[in-house]
Amino acid sequence: MRVVIVGSGAVGSSIARELLAHDHDVLLIDSKPEVIGRSGLRGARWLIGDACELSTLADADLPDTHVVVSATGDDKVNLVVSLLAKSEFGVGRTVARVNNPKNDWMFDDAWGVDVAVSTPRMMTAMVEEAVEVGDIVRLLTLRAGVSSLVEFTVPDESPLVGRTMGFVAWPEDSTAVAILRDEVPIAPSDDDVIEGGDQLFFLTTIQAEDELRSILSGSVSAAGGSPGEQ
């Protein structure tokens, strides 16, 4: 896979290092030539220039690129690069770093962003995941803010305990993708019985999150309707 990464700071370099370790073709774009010598990245190709300029992106052969990652510390740059990559060069997938959570709302398909990654928000989610039992924690927003990956830790007293995954009337736009039990990941099936302490992971639309939260919290019964109607 051919990946272009804009910004070779700590974030961009870390992404490049992981991709290179998996034998991907990586090109980094940065405006400062001195970053090449101190990056320590072996096997990466470099382009020195302003990634907000069409000429620089054209030199990067974006039409032949599978993914563009905008990983600079400037949200304005990340938005402009994503927009140009998508609208001018037709790149199939754009991933943009969000530095300021207040700017989350701009990182959507209107700006050419397929996946927005907010480090502050992800760190907050990790903190919440450690302490929030019995409520949904959004781990990641996907597909230009349309969908998300969420996690729910099942309390021991939850009405879901003892029921199978197939029994629960999950929202139409929510799909259980994993169960983490005793640090062992499980691919969920309809016959899996929910246990207290299970971490349930769902891919869901943003609109369906509230309905999913109601089911998981027990305010709506697992079979649909209100508690006690089964």
Could you please let me know if ALA96 is free of Cβ contacts under 8 Å to residues at least 40 places away in the same chain, small (Gly, Ala, Ser), in a strand (DSSP E or B) and open to solvent by less than 20 Å² (accessible area, probe 1.4 Å)? yes
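Within the group SER226, SER158, SER189, SER174, which residue is modelled with pLDDT under 90 and not assigned by the TED database to the domain that holds ALA110?
Within the list SER226, SER158, SER189, SER174, the selection yields SER226.
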Filter region 152-190 for residues that are among the acidic types (Asp, Glu) and over 16 Å from SER214 (Cα atoms); which is most open to solvent (accessible area, probe 1.4 Å)? GLU183
For region 107-139, give me the residue count where each residue is of a type outside the set (Val, Ile, Thr), buried (at least 16 other Cβ atoms within 10 Å of the Cβ) and modelled with pLDDT of 75 or more. 9
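Looking at this structure, is LEU41 crowded, with 17+ Cβ neighbours inside 10 Å and more than 19 Å from SER13 (Cβ to Cβ)? Break it down stepwise before answering.
On the way: crowded, with 17+ Cβ neighbours inside 10 Å: yes; more than 19 Å from SER13 (Cβ to Cβ): no.
No.
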Among the residues of region 15-38, which ones are within 13 Å of THR72 (Cα to Cα) and loosely packed, with under 12 Cβ neighbours inside 10 Å? LYS32
Of the residues in region 54-92, those that are farther than 15 Å from GLY7 by Cβ, part of a loop (DSSP other than H, G, I, E, B) and not hydrophobic (A, V, I, L, M, F, W, C) come to ASP61, THR65, HIS66, GLU88, GLY90, GLY92
Could you please let me know if ILE215 is of a type outside the set (Gly, Ala, Ser), surrounded by 14 or more Cβ atoms within 10 Å (Cβ to Cβ) and part of a strand (DSSP E or B)? no
Kindly evaluate ASP74 against the criterion of being of a type in the set (Asp, Glu) and open to solvent by less than 60 Å² (accessible area, probe 1.4 Å). yes
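The values are calculated or read from the model by the stated rules, or taken from the named source; none is laboratory data. Predicted, not measured: the structure shown is a model, and the values here were computed from it. FYI the Cβ positions are ideal-geometry reconstructions off the backbone, even for glycines, and counts take in every protein chain you see. Surface accessibility is based on the protein's heavy atoms, side chains included, excluding ligands, DNA and RNA. Shrake-Rupley method; radii C 1.70, N 1.55, O 1.52, S 1.80 Å.
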